[in-house]
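Student: Before I ask anything, let me first share the structure, which is written out below as structure tokens.
Bear in mind these aren't lab numbers, they're just calculated from the coordinates by the rules spelled out. Everything quoted here is computed from the prediction, not taken from an experiment. Virtual Cβ from ideal backbone geometry, glycine too; neighbours counted across all protein chains shown.
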Amino acid sequence: QALPQRSSGSSILVSPRQKGNPVLAALRSLPWEYSDIPADYGLGLTTCALFLSLKYHRLHPEYIYTRIRNLQGKYNLRILLTMVDIPNHEDSLRELSKTSLINNVTIILCWSAAEAARYLELYKSYEHANFSAIKGQQATGYAEKLVEFVTVPRGINKADAISLVSAFGSIKNAVNGDPEQVAIIGGWGEKKVKRWCSVVEEPFRVQQ
Amino acid sequence: MSTNNAPPQPVRLSLPLEYQQHLFQELRAEDELVVIAKGLGLMRLVTNLLHSYDAAGNNLIIVVGAEDRENAWIGEALAEQAAISMAPKARGLTVVNTDFTSVAAREKMYAKGGIYSITSRILVVDLLTTLLRTESITGVILLHADKVVATSLEAFILRIYRQKNKTGFLKAFSDSPDPFTIGFSPLATMMRNMFLRKASLWPRFHVTVAGSLEGKKKAEVIELEVPMTDDMNAIQQAIMECVEVSIHELKKGNSGLEMDDWNLDSALLKNFDVMVRRQLDPNWHRVSWKTKQIVSDLTVLRSLLHSVLALDAVSFLQQLDTIHAAHSPQPGSTRQNQSPWLFLDAANTIFATAKQRVYTAKRADVTPQGLVDSLRPVLEEQPKWALLAEILEEIDRDLYFEPSTRGDSNQTILVMCSDTATCRQLRDYLQTMHVQPKTDETPNPNKENHKPSASFMMRRRLRNYLNWKREFAKVNHELFSENQKALEGAVDPRLAQGSYKGRAPANKRRRIRGGGVIGATTPGRAANGSVAQYFEKPAEVADLIEEVQMLEEEAHQKADIVADPLEDMDDYFEVYDMQDLVVIHAYDGDQDEHVLEEIRPRYIIMYEPDASFIRRVEVYRSSHNDRNVRVYFMFYGGSVEEQRYLASVRREKDCFTKLIKERASMSVVMTTDSHGVEDPQEAFLRTVNTRIAGGGRLTATAEQPRVVVDVREFRSSLPSLLHGRNLNVIPCMLTVGDYILSPNICIERKSISDLISSFKDGRLYSQAETMFQHYKSPMLLIEFDQNKSFTLEPFADLSGNLRSVNPNEAPSDLQSKIVLLTLAFPRLRIIWSSSPYQTAEIFENLKTQEPEPDPIAAVRAGLDKDMKAEDQAFNLEPHEMLGVVPGVTPQNLKNLTLETENVREVANMTVGELSSLIGKEAARKVHGFFNRNLIDIDM
């Protein structure tokens, strides 16, 4: 939806420190401009990102803590965009996990400059987005819902779903079907029949 | 039956063959891993071994890894043997496989001793909570040892067991050598996981085995090669072509991957699709949507390869129709979204030839109305049917001329085939093969020079098929009408056609003559170029129905048994004219031994090849002195079936050879001596924190650090690894979070596939919400698999694509969803871990300087105050199903599942009943979803 854009709101703010970072070359979908901000990237009023290459982090482990301290709790969401560019990343990542807990930053890993740029673009463009996309409940057609419903038990595929419902006429009948009736449908082997019939009878609650 | 002659065991065993006794003695004497070829009687060995312990009494023996049917077998066999040897102390088997038995009851049970088969997930919890005291266990029998990889639940169980109990026995069994040959020194690794030092290998070519089976009492085997019909051959060729193209597409789309051995030859192997899947698995979250589709296409194509041989012509066509409907494109899609094989000429060949086998056009009749094409049934029979009839006749003659055979066998004919569907087909065939169509008198099976034929059955099937197809057309229309409209543009030909929806068929040239208007340029192709779904015109169908209707009266004579009232669907007993039985049975692994023993057949017809069954017959024959067996062995020459059979035999042999080689050069280093447990553990954990192993614990707390783990998490390997790192793992039923590290830190673990699915259904969002209600520092753990590549980058280049960052588009990729999640929960921390090993280290690190979690508080979090903990445990799958139903939201889902029993109950509720639970609007939607009738609708 079109929201009123703020004056400088449409572009990603980039700290001059980032000059020369290949990520900037990959920032192509959204405009960006240099700006004097404590973070590396300003991605909205309450969101910022610090960029960290693990290669650099291994040489200067104290650097990132200084940077985090300089943020002074200004932003609500503080991303630590970490580029994994060394093969033995385990120790660094373990340490950063602990850091994120203590220093209130959120780690996002990326594996290339292009991916890093994509994350930055995504954060900027979703600045005012709503969260319906991750809340589930997407409205879809009856057919897709039906297929989705039948294919929940493992091993049952789309073709099985359609043959099941076309044999029984409605989902209600299919749910009430005997194992013997289901078994004569083409493509429904013993395993599938057993899975289907047990899942519709399985109690919702685990009995103790 | 022979009695074991070792004096301290007054137990009667049923192991007649030399190699079996040999193996039994070996197992009694020491702990070992037994890998035995399929069909050599693994289960019999296990039950005898168990019985020998059972009869002694006073034991607590745990059977790990048994499946349901194996449990049933063991239970039966133990009871039987206890009765035979009249062992007063034998108590038989107790199966613990669900949460139905309460904790207190289980504790009491374990105290009594006996033999228990326990589901791994329950066992591990019971061991950790010391409900089952490790020290009290006499021994462990492990089935399916091939599944014990380092991070598996079984390996975890064995480690807990060996940690405190060094004297109990441990015997592991497997009858599939394949998994022991993959990877670097696989046998040694597996054995280390099981804390075993000795491996005992028993291939079919083992000297003792061969000696036992190839003595004077050999079974008589007659091999019969059946040629395929031309049409079958054509279809098989066409499918192979589709497979080849699919593989080619796969290679093209994933150039970065190692796939030299993806070729047509390996496509014939039994589990090619599984293999491809496994190879792609490390990168599964990165491959494109198309690749995933092709992989699933391969599965479909492979099942078709089997179907063309196994199913009759009509059923095969029916299956094709269903597959086609399921693969028709989504609304508004373009050709990019469809399975590539549907665009091939070969696909057309498959569909056309399959139809040809069922019916073709009759020469056009000139009627007053003009030229009308009509259809004529062809109904090609499977070549094996005629052969089967011939064999049965031969057996008849045999029995007639030589009625009193010496020996103990029944004069029963056992027909073995691959699945119950084939069983049903053969039963139908044998019942009706002497029924002659187009005669008014009663069928006379004894009539001279009458050739058995399946035409009666095939006609009946065709009739059913035509009825089905009419309904299916409706269903299909109901489900996919939007798609078709989208495909065909504004003008819908169905509307012009009136009451019955028959799309003007464009499939064959004759159609064009018969008045087809559309699609003259692209025969058989829908607007987007894929193979079009084809529906007959009513007039033609009427003809065809008329043609097959003639014997409707006959059909009434024998009502078709659609659903067998018997509980046991496996067996169909039919009285044959010589008063003996023809039993048709499906291959069923070890259960086949029972079948042989019970039926004692004189003649066995193997309708489809199966290597392990041949061995079972050999074992059966050699075990009984006076039972003659003749085996007829059928296969389609030059078919996939034949090649697959030969390949499987070859592969098993190769596997055993490799295993034997490895065993010869294996250095035995692992031990189970006094402080021995630590050694394998070290190897298992790869890295050891010396500060802790040294004894002087440097952690701040005096007590052992602990982690509260949700019991459902025991399916993953992480709890095992946490335990291996000296953390105290406390299994609890948690409502909020998966792992509780401290009173503040709560962690939700997601593997990549979990992450994708829980974003899709919104589960993660609500989980995050509840975590924030109860904990100060909720964390999301994104855990990659050990062998999976540690990256989320898709192979396709997404950057620079303006559309991909447009907030109004529904985000499709994982990255954008993670971004949304962090925006929604700015305080949610994300842990990225490249493997469960890494996760365990991170957990340990996070826990330092934090207080220990309180299990009771962890369990109470998220529970309603007036509700008991028991009411909160849910079964996942039915829940998920209900969650999909339109009208059900995460909020009313809870209400619904508390008030109702299962999915079936919800499906049968009326609007009124539903609306009292979830409100009117939602109730209407739910009711509509279940009750929408797709067949009896006027269109």
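Student: From the cross-link list A:19/B:290; A:55/B:290; A:194/B:164; B:750/B:847, which pairs have alpha carbons spaced over 30 Å apart?
Tutor: With Cα atoms farther than 30 Å apart: A:19/B:290; A:55/B:290; A:194/B:164.
Student: Now a separate question. Which cross-chain or sequence-distant (5 or more) residues have an amide H under 5 Å from the amide H of residue B:96, H modelled 1.01 Å from N in plane?
Tutor: B:117, B:118, B:119
Student: For residue B:226, what residues show an amide H to amide H distance below 5 Å, using hydrogens built from the backbone and excluding near sequence neighbours?
Tutor: Excluding prolines and chain starts, which carry no amide H, the hits are B:635, B:636, B:637.
Student: Neighbouring Cβ atoms within 10 Å as the yardstick, rank B:248, A:57 fewest first.
Tutor: Final ranking by Cβ density, sparse to dense: B:248, A:57.
Student: Could you compute the FRET efficiency for residue A:103 and residue A:56, with r as their C-beta to C-beta distance and R0 at 22 Å, rounded to 0.05?
Tutor: Once the sixth-power term is evaluated, E becomes 0.80.
Student: Let me ask another. Take every Cα pair under 8 Å in chain A that's 6+ residues apart, average their separations, divide by the length, and report that relative contact order as a whole percent.
Tutor: The value is 15 percent.
Student: From the phi angles alone, apply the Karplus equation (6.51, -1.76, 1.60; θ = phi - 60°) to the stretch A:59-67 and give each ³J(HN,Hα) in whole Hz, x where the residue is Gly or Pro.
Tutor: 7, 10, x, 7, 3, 5, 5, 4, 4
Student: Between residue B:224 and residue A:86, what is the label-to-label distance in nm when each label sits 7 Å out along the Cα-to-Cβ direction?
Tutor: 7.1 nm
Student: Moving on. Could you give the nm distance between label points at residue B:650 and residue B:772, where each point is 7 Å from its Cα heading toward the beta carbon?
Tutor: 6.1 nm
Student: Give the separation of the Cα centroids, the stretch B:88-166 to the stretch A:58-104, in Å.
Tutor: Between the Cα centres of the stretch B:88-166 and the stretch A:58-104 lies a distance of 44 Å.
Student: Return the Cα extents of the stretch A:9-115 along principal axes one, two and three, sorted largest first, each rounded to a whole Å.
Tutor: The Cα atoms of the stretch A:9-115 stretch 37, 28, 18 Å along the principal axes, largest first.
Student: Holding the Cα-Cα limit at 27 Å, pick out from A:145/B:251; B:474/B:925; B:894/B:920; A:74/A:124 the pairs that are longer than that.
Tutor: Checking Cα-Cα distances, A:145/B:251 exceed 27 Å.
Student: Once label points are set 7 Å from the Cα along Cα→Cβ at both residue B:29 and residue B:591, what is their separation, rounded to one decimal in nm?
Tutor: 3.7 nm
Student: Can you list the HN-Hα couplings for the stretch B:149-165, worked out from phi with the Karplus curve (6.51, -1.76, 1.60; θ = phi - 60°), rounded to whole Hz and with x for Gly and Pro?
Tutor: Per-residue couplings from phi come out as 8, 4, 9, 6, 4, 5, 4, 4, 4, 5, 5, 4, 4, 6, 4, 10, 10 Hz.
Student: Now for a separate question. Rounded to the nearest 0.05, what FRET efficiency is calculated for residue B:628 and residue B:400 with R0 set to 25 Å and r the Cβ-Cβ distance?
Tutor: 0.90
Student: Of all beta bridges DSSP finds with both residues in chain A, what is the antiparallel percent, to the nearest 5?
Tutor: Bridges in chain A are about 20 percent antiparallel.
Student: R0 = 41 Å: FRET efficiency of residue B:97 with residue B:251, Cβ-based, nearest 0.05?
Tutor: 0.40
Student: Hey, what did the stretch B:84-224 get for relative contact order, percent, Cα under 8 Å, at least 6 apart?
Tutor: Relative contact order comes out at 19 percent.
Student: Hey, got a sec? Which trypsin sites (Lys or Arg not before Pro) in the stretch B:106-160 land in a DSSP loop and have at most 15 other Cβ atoms within 10 Å?
Tutor: Filter output for the stretch B:106-160: B:133.
Student: On a full-extension model of 0.36 nm per residue, what is the gain between residue B:231 and residue B:182, subtracting their alpha-carbon distance, rounded to one decimal in nm?
Tutor: Additional length available on full extension: 13.7 nm.
Student: From the phi of every residue in the stretch B:379-393, what ³J(HN,Hα) in whole Hz does the Karplus formula 6.51 cos²θ - 1.76 cosθ + 1.60 yield, where θ is phi - 60° and glycine or proline is x?
Tutor: 6, 5, 9, 6, x, 5, 4, 4, 5, 4, 4, 4, 4, 4, 5
Student: Another question, if that's okay. Tell me the GluC sites (Glu not before Pro) within the stretch A:36-139 that lie in a loop according to DSSP and have at most 15 other beta-carbon atoms within 10 Å.
Tutor: A:62
Student: I've got another one for you. Over the stretch B:91-142, what is the relative contact order in whole percent, taking alpha-carbon pairs under 8 Å and six or more residues apart?
Tutor: 40 percent.
Student: Also: So what's the back-of-envelope 222 nm ellipticity for chain A, counting only DSSP H runs of four-plus at -39500 (n - 2.57) apiece and dividing by all residues, rounded to 500?
Tutor: -12000 deg cm²/dmol
Student: Considering amide H positions built from the backbone, and no H for Pro or chain starts, which residues 5 or more places from residue B:631, or on another chain, come under 5 Å of its amide H?
Tutor: Residues meeting the criterion, in which the H sits 1.01 Å from N, are B:220, B:221, B:222, B:604.
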